[in-house]
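Asker: Supplied in structure tokens, the structure appears directly below.
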Amino acid sequence: MSERPIRLLLIDDHAMLRQGLCLALNLQPDMEVVGEAGSGGAGAEQAARLQPDVILLDLNMPDMDGIEVYQRLQRLAPRSRVLILSGIHADARVYATVEAGVDGYIVKDASTTELVTAIRAVAAGDAYFHPMITRALTNYLRGPAQPAALDARLTTRELTVLQLIATSATNRDIAGQLHVSEETVRTHVKSILRKLNQPTRTQAVLEGVRLGLISVE
């Protein structure tokens, strides 16, 4: 674990929620809340000034759409990782957010332990999507069965890794379960993304479900 704490910025229009998150996250030995904002515009300004490691962003902001806030954050703090923390988990906006390229998505009724796990994963460069979000996305995309033409192109080990990614397991988690190195897992993930022609882990999971290669039930 790095000696420098993970620097966090909270962007949510509910002051009480921000206060609770500040208290809970500042108790973690490897985390520090360095800023908070109640609107998308103010959050973007703070992100540009603070350049935090991870930004927790609510989708429902009073002044602009959450995706618009995310796109502004990408321009102003390109090295900051963005974790959506929202009560929305069965909406077309969830899919639009993932398509926009956010680094993670966790629901507000998740436990503090789950949130801390998500923050650490995103800060380490992994993606983290709560299982409820993955299920909502696959239900949203579910349609007529697609030919699994790509099945033969994924090796048995790659299919196993893809299935584990669908559980929100990090590269370290997967390496431990498969008794291989994290570098080996990263190699498998890169190969999966290339073969499925998907830019992110989550989109690879969605494509895997759509093709019938894996299940998230």
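Asker: Which of the residues spanning the stretch 165-217 are touching a Ser or Thr at 6+ places or on another chain (Cβ under 7 Å) and not in a helix (DSSP H, G or I)?
Answerer: ALA166, VAL216
Asker: Restricting attention to the stretch 109-125, report how many residues are in contact (Cβ under 8 Å) with a residue 60 or more places away in the chain and surrounded by fewer than 15 Cβ atoms within 10 Å (Cβ to Cβ).
Answerer: 1
Asker: Let me ask something else. Could you say whether any residue in the stretch 41-53 is buried (at least 21 other Cβ atoms within 10 Å of the Cβ), closer than 25 Å to GLN203 by Cα and either free of Cβ contacts under 8 Å to residues at least 24 places away in the same chain or not polar (S, T, N, Q) (or both)?
Answerer: Checked the stretch 41-53: at least one residue is buried (at least 21 other Cβ atoms within 10 Å of the Cβ), closer than 25 Å to GLN203 by Cα and either free of Cβ contacts under 8 Å to residues at least 24 places away in the same chain or not polar (S, T, N, Q) (or both).
Asker: Among the residues of the stretch 123-141, are any under 11 Å from the mean Cα position of the chain (by Cα) and modelled with pLDDT of 90 or more?
Answerer: Yes, there is a match, as at least one residue in the stretch 123-141 is under 11 Å from the mean Cα position of the chain (by Cα) and modelled with pLDDT of 90 or more.
Asker: Is it the case that the stretch 1-13 has a residue that's within 20 Å of VAL107 (Cα to Cα) and of a type in the set (D, E, K, R)?
Answerer: Checked the stretch 1-13: at least one residue is within 20 Å of VAL107 (Cα to Cα) and of a type in the set (D, E, K, R).
Asker: Kindly list, by first and then second residue, each pair from a residue in the stretch 84-100 that is assigned to a helix (DSSP H, G or I) to a residue that is acidic (Asp, Glu) and modelled with pLDDT of 75 or more, limited to pairs with Cβ atoms under 9 Å and residues at least 6 apart or on different chains.
Answerer: ARG93/ASP65
Asker: Test SER168 against the stated conditions and say whether it is in contact with a strand residue (DSSP E or B) (Cβ under 8 Å, 6 or more places away or on another chain) and at pLDDT below 85.
Answerer: When the stated conditions are applied, SER168 passes them.
Asker: Now for a different question. Counting just the residues of the stretch 54-83 that are part of a loop (DSSP other than H, G, I, E, B) and in contact (Cβ under 8 Å) with a residue 40 or more places away in the chain, which one comes out nearest to VAL122 (Cα to Cα)?
Answerer: Out of the qualifying residues, it is SER80.
The values are calculated or read from the model by the stated rules, or taken from the named source; none is laboratory data. Not measured: the values here are computed from a predicted model. Virtual Cβ from ideal backbone geometry, glycine too; neighbours counted across all protein chains shown.
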